[in-house]
Every structure is written in C-alpha cells, then in structure tokens.
Amino acid sequence: MRLKDKVSVITGGSRGIGEAIAKMFGKEGAKIVIADVNEETGNAALEGLKKDGIDAIFVKTDVSSEESVIHLMNEAVNAFGSVDVLVNNAAVSIRKSAEDTSLEEWQKVLGVNLTGAFLCSKYAVPEMRKRERGAIVNVASWHADKTITRFAAYAASKGGMTALTRQMSLDCGKDNIRVNAVLPSTVDTPMLYETMQNLPDPEEAWKQTLDYQPLGRIATADDIAHACLFLASDEAAYVSGHSLRVDGGTYAKVARPLMFD
C-alpha cells in the first residue's frame, strides 16, 4: 500500500495511461480523483474503480481553463480533505509542421498539455504545502528532447513540461514537494491507434514501429503507471527535478522508422 490514503488527482484519467495510473494508485491505497473533459469515459472509469473497491470521484475538468482547474482542486479537497499527489497526464496531439499548424490548433495543444500542467500544479501546490509534503508527476514524452517530423505543437508542449518540471522542483523543494516527469515512447493506448489510423499505410506503420523497439514490443499503459507510482511514492523520497525515460531503450537509437520521414 505505497500510497495509502494519499489523495491523488489524475488528469486525463478516464482512459489509456491515465486510467491505468488511476487503477494502480487505487490498488496501492490512494483515494482517486479522476479529472477528464469527457464525462462519458470519466464516469465509466469511475465505475470501474468503485467495482474494485477503490475510493474515488470523477470531476469533469478542462485543464486548460483556470476556473475548471480551481473547481477540480476544490472538489478533491471537499471529498477527501487534501491533495497529496498530482499526475498531469491530460494530453492532445496533432501531427503537423509549425507551418501547417493553425494558431487555434497550437493553442489547443499547448493549452491542454502545458498550460494544463501549469494550472493544475499552481492550484495543487498550496494544498500540498498545508501538509508539508507532496508529489507531482508530469507525463511528458520522448518528444521532449527527441522528436520526429510534423509534431511541432506536441513536441513543444512536452519539452515545456520537462522544463517546468525542473524549475518547479527548485521552487517547491523547500516545502517537501517533489516534481518529476515520465517520458514514455510508444504506448499501447487509444491515442496511438487513432494516430496510426490517420497514417497513409497503418499496417506498415505498425510493422515499422514494432521493428524499432529494442525490447520487441511497445509499452503498455501499466509500464508507464509503474513509473508514475514509483515517483509518487515514498520510495522516490529523494528524487526531484528528474525526467525518467520509460521507452524500452528507443532513446539510445539514432534513427526513426522511415514511415515518420
């Protein structure tokens, strides 16, 4: 029970990586606050947690909206009395170059991925400070420091998340609040399938993606959740300002599959 009674707010917690984190944290004793803009999937995820006997609530949240994030944190405190852990996982992506990205698209991706992490952290930290402890885990991406063609907004947002992680670890350290990031590579999630289906040759894209993995498989959502659990737990009590790659060794390679060129 590595997170026993720790109130854990997980953004984008209704599916994929976020849902896996919510389940894993709940099984480790955490009280779960699922934050997601999608009410249907959010309620479905909540029902699944409750069937497993996990104490949880769902709060419909647009992380790019300050008003919505303030409501989220208030609901977490009203339900469970505190905020101990925050996982900034909510994300959207488009595959376009900077030239082809509209200002509206740019603002949407940066708004959810980066501004969302900023806003949720901004309003979680005061609650953590009251208890003189806390952990923030930002789910970034290997796009933060290595990327591929036509991911301008997404790469910029994830690079910003790792920079924010480093900076906040300095400001929050005096209050015993740790801030870290996880950098996944290719993960078996609904977002990945949606991306693949929009490529010219999805079958070839899958083949090349699998061929590229040093471990011979892509990551599962649980692979990422395990890393987040470690960083959120007291096992990582002296880890802060760190970006942990969970990429099966792909960062060590010097080339990407041809489908991405």
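Values for this structure:
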quantity	calculated
Folded to 0 to 90 degrees: helix 202-212 orientation relative to the chain principal axis, Cα	80 degrees
Tilt relative to the chain, helix 116-130 - C-alpha long axis, 0 to 90 degrees, to 10	30 degrees
Angle between the chain longest axis and helix 221-232 axis [Cα atoms, degrees, rounded to 10]	40 degrees
Charge dipole magnitude, Cβ of K and R +1, D and E -1 - the chain, Cα centre, debye nearest 20	760 debye
Modelled FRET efficiency - R0 30 Å, Lys122 with Asp211, Cβ distances, 0.05 increments	0.10
Nonlocal amide H pairs with Val37, under 5 Å, H built at 1.01 Å	Gly12, Thr61
Under Karplus coefficients 6.51, -1.76 and 1.60, residue-wise ³J(HN,Hα) of region 182-198 in Hz, glycine/proline x	10, 10, x, 9, 7, 10, 6, 9, x, 4, 5, 4, 5, 5, 4, 5, 8
Over 27 Å between alpha carbons, listed pairs Lys60/Lys207; Lys31/Lys146; Lys122/Lys174	Lys60/Lys207; Lys31/Lys146
Sites Asp201 and Arg166, calculated FRET efficiency, Cβ-Cβ separation with R0 51 Å, nearest 0.05	0.85
Dipole of region 180-261 [Lys/Arg +1, Asp/Glu -1 at C-beta], most positive-end residue of Gly249, Gln208, Ile224	Gly249
Taking Lys51, Lys122, Lys31 and counting other C-beta atoms within 10 Å, the order from fewest to most	Lys51, Lys122, Lys31
Pairwise FRET efficiency - Asp5 versus Glu194, Cβ, R0 = 45 Å, nearest 0.05	0.80
Protection-proxy order for peptides 70-83, 173-186, each taking the mean of Cβ atoms within 10 Å per residue, highest first	173-186, 70-83
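Every number here is computed from the coordinates shown, using simple stated rules; none is lab data. Predicted, not measured: the structure shown is a model, and the values here were computed from it. No Cβ is skipped: glycine too gets one built from the backbone with ideal geometry, and neighbour counts run over all protein chains shown.
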